[in-house]
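> Take this structure, written in structure tokens, and hold onto it; I'll ask about it next.
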Amino acid sequence: MDLTDPQTAYLVSVGTFLPGDPVDNARLAAALGVSEEWIEVFIGTKTRHFARDVESGEVRHTLADLCARAGERALDAAGLDPSAIDFVVMGTATPDHLMPATVNLVADRLGIDQVPTYQLQSGCAGAVQALELGRTLVAATGGTGLVIGGDVCSKHLDLRQDLTGAAPSELVNYVLFGDGAGAAVLAPEPSGERVALRRVLNRLTGLGRSPGQLIEWFGVADKDSGKQAVKEDYKAIEESVPVMAGEILWELLGELDWAPEDLDYLLPPQLSGVMTAKITAELGVPGAEEVSCVADTGNNGNALPFLQTERLLRRMTSGQKALAVAVESSKWLKAGFALEKL
């Protein structure tokens, strides 16, 4: 394999940002009136970060705040001035506004102007979609891009609500999710971290299937409709995600002509501490070291691949290979990407 393949984009740096101090299960359980033991046993997430204060509900960070901080860190790590960026791509499921697009607010804060910007509306797969578009733009234009992923999931949840009698389908959303953002600099030549983005997989596979996750967007006309803001078919997710994760893993390995034993690291889907452990075991690549973060960060959507990759880069050495797998249950999207350290 040509290490300087013109169709390959190179990961120069990664930066991430998590708002506030970590919120542990004891604090969250007390605020919501739920069982701390239930969170630990069935969800397996120990801490998460919120852009809102748990007790008061005060909003302390917007999505643009988080993404700008992550972008600053990625640029600083790459040693680049904002003027060196030729395009910006962002994936999110929770934009600050319908207009203007949050990506443009982030670019403005970073001092980036006169370049193409793109915002992709998607859940966990959005960050991978952003990486794929970034890789395509690097190959087509020879430019250097900033790729961002982030979500403020807590904006859809009333953290001051008494959930003592809430149904599990509603309760799970309050303990599963967190907020955060990540960013990466992609370039046409290896520099900085010198990690090649070898393949990216994105595919809709939900034809004829009901969504596994739904997030409502309320306008003036329906804001008092009483609809549940976030819904999950957790049983369908538990059944389908491990199967889809395996399909992604083996398809990427086949495209790359990599054997399972060639894999040094695995970045599995980050649904929750319990589900991630289950999926990793079922993927059946024990020789690959797991790189996960969800038990510490909560499920913060489009930030997760960047948080995992940041942890990966601390361990990865020359010649090592990694695969990342992401499944979005909204309409059953498969996503993943392959990295190789030069």
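The values are calculated or read from the model by the stated rules, or taken from the named source; none is laboratory data. What you are looking at is a predicted structure, and each value in this text was computed from that prediction instead of being measured. Counting neighbours? That spans all protein chains shown, and the Cβs are built from the backbone with ideal geometry, glycine included.
One line per residue, one yes/no per condition, for (1) within 16 Å of residue 201 (Cβ to Cβ); (2) in contact with a Pro (Cβ under 8 Å, 6 or more places away or on another chain); (3) among the hydrophobic types (A, V, I, L, M, F, W, C):
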site	(1), (2), (3)
236	no, no, yes
253	yes, yes, yes
263	yes, no, yes
285	no, yes, yes
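> Given (1) in contact with a helix residue (DSSP H, G or I) (Cβ under 8 Å, 6 or more places away or on another chain); (2) crowded, with 17+ Cβ neighbours inside 10 Å; (3) of a type outside the set (Asp, Glu); (4) not in a strand (DSSP E or B), identify the lone condition not met by residue 248.
(1)
> Among the residues of segment 155-170, write down those that are at pLDDT below 75 and hydrophobic (A, V, I, L, M, F, W, C).
159, 163, 166, 167
> Could you tell me whether residue 53 is assigned by TED's automatic domain parsing to the domain that holds residue 173 and at pLDDT 90 or above?
Answer is no for this residue.
> Also, I was wondering about something else. In the list 81, 76, which residue meets the criterion of being of a type outside the set (Lys, Arg) and without any contact (Cβ under 8 Å) to a residue 24 or more places away in the chain?
Exactly one residue qualifies, and that residue is 81.
> What's the number of the only condition in (1) farther than 22 Å from residue 230 by Cβ; (2) at pLDDT 95 or above that residue 66 fails to meet?
With (1) farther than 22 Å from residue 230 by Cβ; (2) at pLDDT 95 or above applied to residue 66, the lone miss is (1).
> Across segment 123-168, what is the total count of residues that are within 26 Å of residue 53 (Cβ to Cβ), among the polar types (S, T, N, Q) and surrounded by fewer than 24 Cβ atoms within 10 Å (Cβ to Cβ)?
2
> Residue under question is residue 332, and the condition is that it be within 25 Å of residue 231 (Cβ to Cβ) and either of a type in the set (Lys, Arg) or touching a residue at least 12 places away in the same chain (Cβ under 8 Å) (or both); does it hold?
So residue 332 fits the description; yes.
> Within segment 251-270, work out how many residues are in contact (Cβ under 8 Å) with a residue 40 or more places away in the chain and not in a helix (DSSP H, G or I).
So the answer is 9.
> Which one of these is more than 20 Å from residue 18 (Cα to Cα) and not assigned by TED's automatic domain parsing to the domain that holds residue 332: 72, 36?
36
> I've got another one for you. Does at least one position in segment 31-38 carry a residue that is at pLDDT 85 or above and under 22 Å from the mean Cα position of the chain (by Cα)?
no
> Filter segment 278-332 down to the residues that are surrounded by fewer than 24 Cβ atoms within 10 Å (Cβ to Cβ) and part of a strand (DSSP E or B), then identify the one that is nearest to the chain's Cα centre (by Cα).
290
> Something else about it: Of the conditions (1) in contact (Cβ under 8 Å) with a residue 24 or more places away in the chain; (2) within 26 Å of residue 162 (Cα to Cα); (3) out of contact with any Ser or Thr (no Cβ under 7 Å at 6 or more places or on another chain); (4) not assigned by TED's automatic domain parsing to the domain that holds residue 37, residue 213 clears all except one; give me its number.
(3)
> Somewhere in segment 11-26, is a residue in contact (Cβ under 8 Å) with a residue 12 or more places away in the chain and assigned to a helix (DSSP H, G or I)?
Yes, some residue in segment 11-26 is in contact (Cβ under 8 Å) with a residue 12 or more places away in the chain and assigned to a helix (DSSP H, G or I).
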